[in-house]
Amino acid sequence: MNRVQFQPGLSMPDFFRQFGTEALCETALERARWPQGFRCPECGNRAHCVLGVRTRKTFQCHACRQQTSLLAGTLFHGTKLPLTAWFLAIFLISQAKTGLSALALKRHLGVSYPTAWLLHHKLMQAMTERDALYTLSGPVQVDDAYLGGELPGGKPGRGSENKVPFVAAVALNGDGHPIHAKLSPVPGFTRKAIAAWADTCLAPGSWVVSDGLACWAGVVDAGSQHNPEVVGGRHPKVLPGFRWVNTVLGNVKTSLSGAYHAFKFVKYAKRYLGAIAYRFNRRFDLAALPSRLLRAAATLGPRPEPVLRMAEDSC
Ligand SMILES: [Zn+2]
């Protein structure tokens with residue numbers, strides 16, 4: 001039995017026991033936001049009183065009198081949805097191996113498509129930003145890939161309209177097991193673009209194994225070592241050194257054909273890929289995923305719709 005595939009995750013009855021009412025969700029959010037108890041965002045003071053018994057909880061600081069609502073300053077800022085809907089979305093997204101579409105969310109939550117879209121993108125943004133806090137180190141397998149190109153979802157023959165190059169990279173531990181993956185859109189596979197990618201995504205001194213495409217020499221410019229694998233007559237994708245990077249690319253492929261279908265790759269690639277990598281990186285503890293995503297949402301800050309709809313800078 002595969003330890004990762006057969007782990008229990010968080011069952012639906014357990015989920016509803018923990019987060020099935022608005023009051024349970026509010027308590028969970030309060031704990032996620034202030035694990036050591038309320039702290040005034042204005043002055044840092046802990047002493048406070050709680051206002052709004054029937055409405056959403058608001059905290060008033062004893063020192064500076066500043067009022068802070070439970071949702072203000074979190075990813076849930078300004079939402080009209082009950083927290084139970086948000087928590088259910090967090091549960092469904094985090095437990096679905098190959099991701100969940102906004103359309104599926106709409107049906108599960110009983111909300112409109114625009115509402116489901118926004119909720120989906122806010123949560124994917126939280127996942128992406130959380131994962132961006134990590135850099136890869138040690139031995140790192142890399143490969144070049146395209147959304148809308150080799151992967152399904154693009155229009156055949158007209159892929160360039162909706163085609164996004166991205167780097168798939170997996171850091172391994174001493175036993176050769178994958179620790180952390182990154183899926184990062186890049187402007188193209190040039191030495192300059194790869195150097196810029198390595199600068200933000202790799203810890204200096206990383207040891208990069210590639211298929212020898214010229215652009216990968218860019219990692220040396222950013223302080224890493226580069227070991228092109230000699231591929232001889234074999235296709236680099238089938239070499240054992242690329243096993244994990246291929247597994248991650250397989251996840252992308254399954255998510256695109258199963259859950260996401262085609263989307264505006266050029267605009268949203270970073271967020272979709274970020275969400276896939278986030279889940280892959282936390283696959284050893286599925287049951288804890290909803291709590292971790294909740295903590296990310298509670299501490300990230302608001303991400304309003306106009307910001308989410310802006311084109312990605314990086315592609
Ligand atoms: Zn205060």
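The values are calculated or read from the model by the stated rules, or taken from the named source; none is laboratory data. Note that the structure is a prediction, hence the values are computed from the model and not measured. Note that each Cβ is placed from the backbone with ideal geometry, even for glycine, and that neighbours are counted across all protein chains shown.
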Specify which of the listed residues (24, 29) is within 23 Å of residue 122 (Cβ to Cβ), assigned to a helix (DSSP H, G or I), touching a Ser or Thr at 6+ places or on another chain (Cβ under 8 Å) and of a type outside the set (Phe, Trp, Tyr).
-> 29
Mind listing whichever residues of the stretch 1-34 are at pLDDT 95 or above and either within 16 Å of the ligand (Cβ to nearest atom) or closer than 30 Å to residue 177 by Cβ (or both)?
-> 32, 33, 34
If you check every pair at least six apart or on different chains, which have Cβ atoms under 7 Å apart with a residue in the stretch 38-66 that is closer than 22 Å to residue 83 by Cα and in a loop (DSSP other than H, G, I, E, B) first and a residue that is within 12 Å of the ligand (Cβ to nearest atom) and of a type in the set (Lys, Arg) second?
-> 38/46; 39/46
Among the residues of the stretch 14-27, is there at least one that is without any contact (Cβ under 8 Å) to a residue 24 or more places away in the chain, farther than 17 Å from residue 290 by Cα and not aliphatic (A, V, I, L, M)?
-> no
Does residue 39 satisfy the criteria of being away from the ligand (no atom under 16 Å from the Cβ), within 19 Å of residue 299 (Cβ to Cβ) and of a type outside the set (Phe, Trp, Tyr)?
-> no
Of the residues that make up the stretch 68-86, is at least one more than 20 Å from the chain's Cα centre (by Cα), assigned to a strand (DSSP E or B), in contact (Cβ under 8 Å) with a residue 24 or more places away in the chain and within 16 Å of the ligand (Cβ to nearest atom)?
-> yes
Name the residues in the stretch 50-65 that are within 13 Å of the ligand (Cβ to nearest atom), more than 33 Å from the chain's Cα centre (by Cα) and at negative phi, would you?
-> 60, 61, 62, 63, 64
